[in-house]
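The values are calculated or read from the model by the stated rules, or taken from the named source; none is laboratory data. It should be emphasised that the depicted structure is a prediction, and the values quoted were computed from it without experimental measurement. Here the Cβ positions follow ideal geometry from the backbone for every residue, glycine too, while neighbour counts run over all protein chains shown. With ligands, DNA and RNA removed, areas are computed over all heavy atoms of the protein, side chains included. Shrake-Rupley method; radii C 1.70, N 1.55, O 1.52, S 1.80 Å.
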Amino acid sequence: MSDASLWAALADPHRRAIVALLLERPRAVGELVEACGLSQPSTSKHLRVLRDAGLVRVRQDAQRRVYALDPAPIAALDAWLAPYRALWNESLDTLGRRLDEAQPEDTSPSAPPGAPADPAPPGEATPPTGTPPVPTPPPTPSPKD
């Protein structure tokens with residue numbers, strides 16, 4: 001079982017779907033065939049790749065073959081990913097601090113996006129909105145009886 005064979009086994013979306021199903025509980029091949037919507041031979045080929053990579057174990061239960069995840073290779077992948085996860089966590093923490101620093105000190109509730117802005121105080125001009133005002137037509141004279 002090499003890291004390359006683990007990554008290669010998990011590269012296929014059907015095999016990842018099988019791993020996700022096996023994460024819930026061990027399953028017989030027939031259950032996996034039905035859940036994945038693949039043919040039995042195709043499902044068996046995917047299971048063989050996962051078994052060869054060491055990701056799953058199989059046991060015979062009467063006439064059925066029942067597959068279960070082997071946690072050891074998953075733990076090895078998790079250990080390999082740990083430094084990258086730490087790097088991302090540190091980067092995201094830094095981003096969060098910078099965003100917190102960039103927020104204004106005003107804690108009053110702001111208007112939701114798209115809501116009209118508060119009008120300017122009396123005596124001050126309101127800033128242009130970028131949309132020219134629509135002229136209102138003159139009133140139409142009412143007919144006299």
How much net charge surrounds L50 when only other residues with a Cβ under 11 Å from its Cβ are counted (Lys, Arg +1; Asp, Glu -1)?
+3
All other residues with a Cβ under 15 Å from the Cβ of P73 taken together, and with Lys, Arg as +1 and Asp, Glu as -1, what is their net charge?
0
Where H46, H14 fall by accessible area, highest first, once all protein chains stay in place (1.4 Å):
H14, H46
Checking a compactness column here: for region 28-107, what do you get for Rg(Cα) / (2.2 N^0.38 Å), N being the number of residues?
1.89
Can you tell me the equivalent ellipsoid semi-axes for region 1-64? Use √(5λ) from the Cα gyration tensor, largest first, whole Å.
19, 13, 10
With all protein chains present, how much of the accessible area of region 4-92 (probe radius 1.4 Å) comes from carbon and sulfur, to the nearest whole percent?
59 percent
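Heavy atoms only, probe 1.4 angstrom, no DNA, RNA or ligands counted: give me R64, R15 ranked by accessible area, highest first.
R64, R15
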Stretchable slack from E34 to N89, in nm (0.36 nm times residue separation minus alpha-carbon distance):
15.9 nm
Once all protein chains are kept in place, R65 shows an accessible area at probe 1.4 Å, nearest 10 Å², of 100 Å²
Order the following by accessible area, largest value first: V58, V29. Probe radius 1.4 Å; ligands, DNA and RNA are ignored.
V58, V29
